[in-house]
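Q: The structure that follows is given in the form of structure tokens.
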Amino acid sequence: MTVKASERLLALDVMRGITISGMIMVNNPGDWGHVYAPLRHAAWNGLTPTDLVFPFFMFIMGVSMYFSLSKYGFRLSRESVLKILRRTVVIFLVGLGLNLFSHILNHGFADWERVRILGVMQRLALAYGAGSLLGLVINHKYLLHTAAAILLGYAILLISTDSLGLNEESLVATVDRAVLGASHMYRDTMADGTRIPFDPEGLLSTLGSVGHVLLGFYVGKMIQREKRDLPSLLLHLFLFGTILTFAGLLLQYGCPINKKIWSATFVLTTCGFASLLLALLLWVIDVKRRRRWTLFFESFGVNPLYLYVQADLLGVLFGAIGLSSFLVEQVFQPAFGLYGGSLAWALFYVVANWVPGYFLYKKKVYIKI
């Protein structure tokens, strides 16, 4: 197997498509009161299948960063830095624009102090920007050392400041409140039902995300290095994924696996699972040559951020005009039951967003954000 920086790796596109379609599905249930347990996020510590989709996408972003930055010879230059900064700002502003769009439709042109500043796209932007600059600055022999140092430092910071729980006094919440202001933060619900300002895509927890993309970046290096020896690549991916997964599972007794603070063990476990899934997809697609099933996910995978933004915009719009609730209550739930109807709508919504994605795929139109 030969992989060049300019080539698209089908297994990577398929995995990216799986995660984007998964993100759209779990973000758009027909009825938030009737969602099957595997399609919910963990309330605090722990991991559900739903908690894998966002970190999988971030891992893939790290892999893709390696191929993208190889065009600059991994040198810190005016051109490479400007590209990174420009893309970071654009992705962040797109995410902020989604928040503004939702706010305007639901609250009108008032209460601007309630607009949330951070979010999924903003987290991707910050992790991409910091991770890419590190990818240009550090010697790639020390990629794992750097990722480990970031994750260890972040874990020590959380543990030493007693910031592993959901409370307003944790360092994670304190930093966001000081920089953003409480009114611009997401409000999470504590065990007693109290809602507090606590952002699951906060600023301090971005440290974990930077370590996350660096692990993906290392896998990108692994793919490029072993591009002519697929069996060796699969073996090393499998070993890498197994080591990370078990490390995260074992270390959770000191630092819990937690998505909302993007803990070090969450990074290790999810990057481990992501490496194993990528190895499986490479084996199915490139070794067994079974590719007929990939079209659906590949269509998502070649325009991932555009389709995520499209799904978010349409979801907010359909919710504001009552279209989604009408179809769920009048069509899907009468036909499939409360939980089944909620899931049926989510699957229908994924397919509805896939249609324009498939059109772009057939026309070979790749919309980069």
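The values are calculated or read from the model by the stated rules, or taken from the named source; none is laboratory data. The structure displayed is predicted, hence computed values, not measured ones. A quick note on method: Cβ atoms are made from the backbone with ideal geometry, for glycine too, and the neighbour counts reach across all protein chains shown. To get the accessible areas, we keep the full protein, side chains included, count just its heavy atoms, and leave off ligands, DNA and RNA. Shrake-Rupley method; radii C 1.70, N 1.55, O 1.52, S 1.80 Å.
Q: How large is the convex hull of the Cα atoms of region 167-226 per residue, expressed in Å³ as a whole number?
A: Convex hull of Cα atoms, per residue: 93 Å³.
Q: Could you sort Arg292, Arg123, Arg16 by accessible area so the largest value comes first, with the probe set to 1.4 Å?
A: From most exposed to least exposed: Arg292, Arg16, Arg123.
Q: So, counting K/R as plus one and D/E as minus one, what does the shell of residues with Cβ under 12 Å around Leu338 add up to?
A: Numbers: positive: none; negative: Asp31, Glu329.
Net local charge, Leu338 excluded: -2.
Q: Would you calculate a helix-derived [θ] at 222 nm for the chain, using -39,500 (n - 2.57) for each DSSP H run of n ≥ 4 and dividing by the full residue count, to the nearest 500?
A: About -21000 deg cm²/dmol.
Q: Computed on alpha carbon atoms, what radius of gyration and Dmax characterise region 163-315, expressed in Å?
A: Considering region 163-315 through its Cα atoms, Rg and Dmax are 19.1, 56 Å.
Q: I would also like to ask the following. Looking at the chain, I'd like the Rg to Rh ratio, where Rg is from alpha-carbon atoms and Rh is Kirkwood's inverse mean 1/r.
A: 0.95
Q: Next up: Given a cut-off of under 8 Å on Cα pairs at least six residues apart, what relative contact order in percent is computed for the chain?
A: Relative contact order for the chain comes out at 28 percent.
Q: Test of understanding: what is the full-extension gain from Leu85 to Lys364, defined as 0.36 nm times their sequence separation minus their Cα-Cα distance?
A: That works out to 97.8 nm of additional length.
Q: Place +1 on the Cβ of every Lys and Arg and -1 on the Cβ of every Asp and Glu in the chain, take the dipole about the Cα centre, and give the residue among Ser263, Leu230, Leu136 whose Cα lies farthest towards its positive end.
A: Highest projection toward the positive end goes to Leu230.
Q: In a shell of Cβ-Cβ distance under 13 Å around Leu47, excluding Leu47 itself, what net charge do Lys and Arg (+1) and Asp and Glu (-1) give?
A: Net charge in that neighbourhood comes out at +2.
Q: On to the next question. Report, in cubic angstrom per residue, the convex hull volume of the C-alpha atoms of region 12-76.
A: Per-residue hull volume (Cα only) is 108 Å³.
Q: When the distances between all Cα atoms of region 21-134 are binned every 10 Å from zero, what whole-number percent does each bin get?
A: Going out from 0 Å in 10 Å bins, region 21-134 shows 12, 31, 33, 19, 5, 0 percent.
Q: Moving on to the next point. If R0 is 35 Å, what FRET efficiency do you get for Ser160 and His140 from their C-beta distance, rounded to 0.05?
A: 0.70
Q: So which chymotrypsin sites (Phe, Trp or Tyr not before Pro) in region 78-113 pass both tests, a DSSP loop state and at most 10 other Cβ atoms within 10 Å of the Cβ?
A: Counting only loop positions with at most 10 other Cβ atoms within 10 Å, the chymotrypsin sites (Phe, Trp or Tyr not before Pro) in region 78-113 are Phe109.
Q: Which one, Ile321, Gly119, Thr146, projects farthest toward the positive side of the charge dipole computed for the chain from Cβ point charges (K/R +1, D/E -1)?
A: Of the candidates, Thr146 comes out farthest on the positive side.
Q: Next question. Can you find, among Asn27, Leu250, Val14, the residue farthest towards the positive end of the dipole of the chain? Put +1 on the C-beta of Lys and Arg, -1 on that of Asp and Glu.
A: Val14
Q: For an R0 of 25 angstrom, estimate the FRET efficiency from the Cβ-Cβ distance between Lys71 and Leu93 and round to the nearest 0.05. The partial results should precede the final answer.
A: Details: r = 24 Å, r/R0 = 0.97.
Computed FRET efficiency for Lys71 and Leu93 comes out at 0.55.
Q: In addition: Among 214-223, 260-269, 328-337, how do they line up from the highest to the lowest mean number of other beta-carbon atoms within 10 Å?
A: Most protected by this proxy first, the peptides run 260-269, 214-223, 328-337.
Q: By the scheme Lys and Arg +1, Asp and Glu -1, what is the net charge of all other residues having a beta-carbon under 10 Å from that of Leu118? All intermediate terms of the calculation are to be shown ahead of the outcome.
A: On the way: positive: Arg116, Arg123; negative: Asp176, Asp199, Glu201.
Value of the local net charge: -1.
Q: Note down the magnitude of the dipole of the chain about its Cα centre, charges +1 on Lys and Arg C-beta and -1 on Asp and Glu C-beta and zero elsewhere, to the nearest 20 debye.
A: Around 1800 debye, computed over the chain.
Q: As an exercise, use a Förster radius of 41 Å and the Cβ-Cβ distance of Phe336 and Asn167 to find the FRET efficiency, rounded to the nearest 0.05.
A: Efficiency, rounded to the nearest 0.05: 0.55.
Q: Here's a follow-up. Can you list the residues of region 86-101 with backbone N under 14 Å from a point 7 Å past the Cα of Ala320, pointing along Cα to Cβ?
A: 97-101
Q: I've got another one for you. Counting only protein heavy atoms and a 1.4 Å probe, tell me what percentage of the chain's accessible area is made up of carbon and sulfur.
A: 65
Q: Oh, and also: Considering just Cα atoms, how many Å³ per residue does the convex hull of region 74-136 enclose?
A: Hull volume over Cα atoms, normalised by residue count, gives 72 Å³.
Q: For each pair in Lys227/Lys364; Lys259/Lys288; Lys288/Lys364; Lys71/Lys288; Lys83/Lys227; Lys71/Lys364, compute the distance between the two Cα atoms and list the pairs where it is over 29 Å. Can you show the working numbers first?
A: Details: Lys227/Lys364 25 Å; Lys259/Lys288 34 Å; Lys288/Lys364 26 Å; Lys71/Lys288 31 Å; Lys83/Lys227 26 Å; Lys71/Lys364 22 Å.
Listed pairs above 29 Å: Lys259/Lys288; Lys71/Lys288.
Q: What accessible area per residue, rounded to a whole number of Å², is obtained for the chain using a probe radius of 1.4 Å?
A: Per-residue accessible area for the chain comes out at 45 Å².
Q: Write down Rg/Rh for region 236-277, rounded to two decimals, with Rg from the C-alpha atoms and Rh from the Kirkwood relation over Cα pairs.
A: 0.99
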